[in-house]
Amino acid sequence: MAPRRLLRAGWGPQRPCGSRLAAALCAAVAALALALAPASDATSASLVGINYGRVGNNLPPPQSVLPLLEGLGIGRVRVYDADPAVLRAFARTGVELVVGVPDECLAAVADPGGAAQWLKESIVPFLQDTKIAVLTVGNEVLTGGNSSALSRFLLPAMQSLHGAVAALGLDKQITVTTAHNLGVLGTSYPPSAGAFSKDLLPYLCPILDYHARTGSPFLVNAYPYFAYSDDPKGVQPDYALLEPGNAGVQDPNSRLHYPNLLVAQVDAVYHAIAAANSAASRVVEVRVSETGWPSAGAANETGATPQNAARYNSNAMRLVAEGRGTPLKPGVPLRAYVFALFNENLKPGLASERYYGLFKPDGTPAYELSFKLPRDNSTFGHGGGGGGFGGSGNANGSSGYFNGAGNSGYYDISAAAPARDPPGGRWWRMWAQAAVAGAAAVLVAV
């Protein structure tokens, strides 16, 4: 943000009354602009994000997650609804949020009036202090249990919500998209043969047109764990766990070398986009909205262990922090959000669904990561540059997520020091209020 210049009263020659009035009005406007400006433009330098799900009855309050994120060096968070308590918890932190529109809201949001109302009630009140960058309409709508009822609402909801965002002049600030399950692919191996399921093409082709027109990314929830768990004999564990020393696999058609399964899955999506909509494939970016590995599961859920979860998530964070692209798109840095922040004890489905968290509900690590982002990538108290990348070669063998003498690898989430007040925070608002009051006094005098 460009620095602002402030004029001090009494400097320069004495102005006539009209000039004094104009100067006072300018001072009042400038003070109000400072008071109402977004709290922080700082965003984590790293492209690593994390999913903050809350399907549990034993999770800590939202404000308690902030020191955990700071310790991880992560400043990008995806949440699955616009819960006011959560949005308020991230106020004035600079953390960039991806906020979900729940599936049950799709029918209402598909109507332009409903989209405008949802935006007005759920998002606009928080924009002053909370950095909301992306709205995701539903989650895995085309392949979920309610796909037959909801699929027809997906694109209209995206279009209506984007229109509502644009009507408020926020379309350069907030992107509207949706997140898909990798199950939208009918073919995923080899990556060059990637193709969408034929029955989903009537939905996906116009969605790709929307992405190309609005510049929004195609989000996919990609889990190498499922491929390995389903076929542990056919998928090499190091390939699925993103181990850097793995020999990898060569695509027999493109001859591209794939060092791990995650980038192979992403490139399969790129190929599927090209096969379905060649025009869109030239401009649409694929980003990973969820990826992770469970630390526990039922006896038949192969590979769901703390050791594998630690290896996968450490390697995923390292991979994204290096700022590299995929073999097909080497110039487009991979972006990914780790799933998830906490183990969630009320998640339905397989036992492993409840053990994807980096943290237990009490705030202690579920396992130790061998890699963590530098703390200066975090936005807490200082902020990073929005366009940079986390550096490579930052593997850290220390216990837990936090440095410091006497740290045992566990962190008391109630003991975090408060972050410095950022621009737009309490002290800035006090200054702005004083400036407005001073300008008002000048107006009375003139």
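Please report the carbon-and-sulfur percent of the accessible area for the stretch 54-125; probe 1.4 Å, protein heavy atoms only, DNA, RNA and ligands left out. Mind showing how you got there, number by number?
Numbers: 1330 of 2600 Å².
Summing carbon and sulfur atoms, their accessible area is 51 percent of the total for the stretch 54-125.
How much accessible area per residue does the stretch 176-307 have, in Å², with a 1.4 Å probe?
Working: 5320 Å² over 132 residues.
Counting only protein heavy atoms, the per-residue value for the stretch 176-307 is 40 Å².
Rank these by accessible area, largest first, 1.4 Å probe: Ser281, Ser46.
Details: Ser281 20, Ser46 0 Å².
The ordering from most to least exposed comes out as Ser281, Ser46.
May I ask you to give the percent of accessible area on the stretch 248-367 that is carbon plus sulfur, with a probe radius of 1.4 Å? Before the final figure, lay out each step's value.
Numbers: 2280 of 4330 Å².
The nonpolar share, carbon plus sulfur, comes to 53 percent.
Run the numbers for Ala167 and Ala279: contour at 0.36 nm per residue of separation, minus the present Cα-Cα distance, in nm.
Details: separation 112, 0.36 × 112 = 40.32 nm, distance 2.70 nm.
So the extension gain works out to 37.6 nm.
Kindly state, to the nearest 0.05, the FRET efficiency for Thr143 paired with Asn57, given R0 = 25 Å and r defined as their beta-carbon distance. Walk me through the intermediate numbers first.
Numbers: r = 27 Å, r/R0 = 1.10.
With R0 = 25 Å, the Cβ-Cβ based efficiency is 0.35.
Could you work out the relative contact order of the stretch 255-386, using alpha carbon pairs under 8 angstrom and six or more residues apart, expressed as a whole percent?
Numbers: 188 pairs, mean separation 30.9, N = 132.
In percent, rounded to a whole number, it is 23.
Can you give the net charge of the other residues whose Cβ lies under 15 Å from the Cβ of Lys329, counting K and R as +1 and D and E as -1?
Numbers: positive: Arg282, Arg287, Arg324, Arg335; negative: Asp251, Asp267, Glu285, Glu322.
The answer is 0.
Provide Ser148, Ser160 ordered by accessible surface of protein heavy atoms (probe 1.4 Å), highest first.
Details: Ser148 110, Ser160 20 Å².
Final ranking, largest accessible area leading: Ser148, Ser160.
So how much slack lies between Ser254 and Asp231, counting 0.36 nm per residue of separation and subtracting their Cα-Cα distance, in nm? Present the calculation step by step, with values, prior to reporting the outcome.
On the way: separation 23, 0.36 × 23 = 8.28 nm, distance 2.42 nm.
Full extension from Ser254 to Asp231 adds 5.9 nm.
What spacing in nm lies between the two simple spin-label points modelled at Ala133 and Ala108, each 7 Å away from Cα in the Cβ direction?
Modelled inter-label distance: 2.8 nm.
The values are calculated or read from the model by the stated rules, or taken from the named source; none is laboratory data. Owing to the predicted nature of the structure, the values given are computational and were not obtained by experimental measurement. With ideal geometry, Cβ positions are generated from the backbone for all residues, glycine too; neighbour counts draw on all protein chains shown. Areas reflect the complete protein model, heavy atoms only, side chains present, ligands, DNA and RNA absent. Shrake-Rupley method; radii C 1.70, N 1.55, O 1.52, S 1.80 Å.
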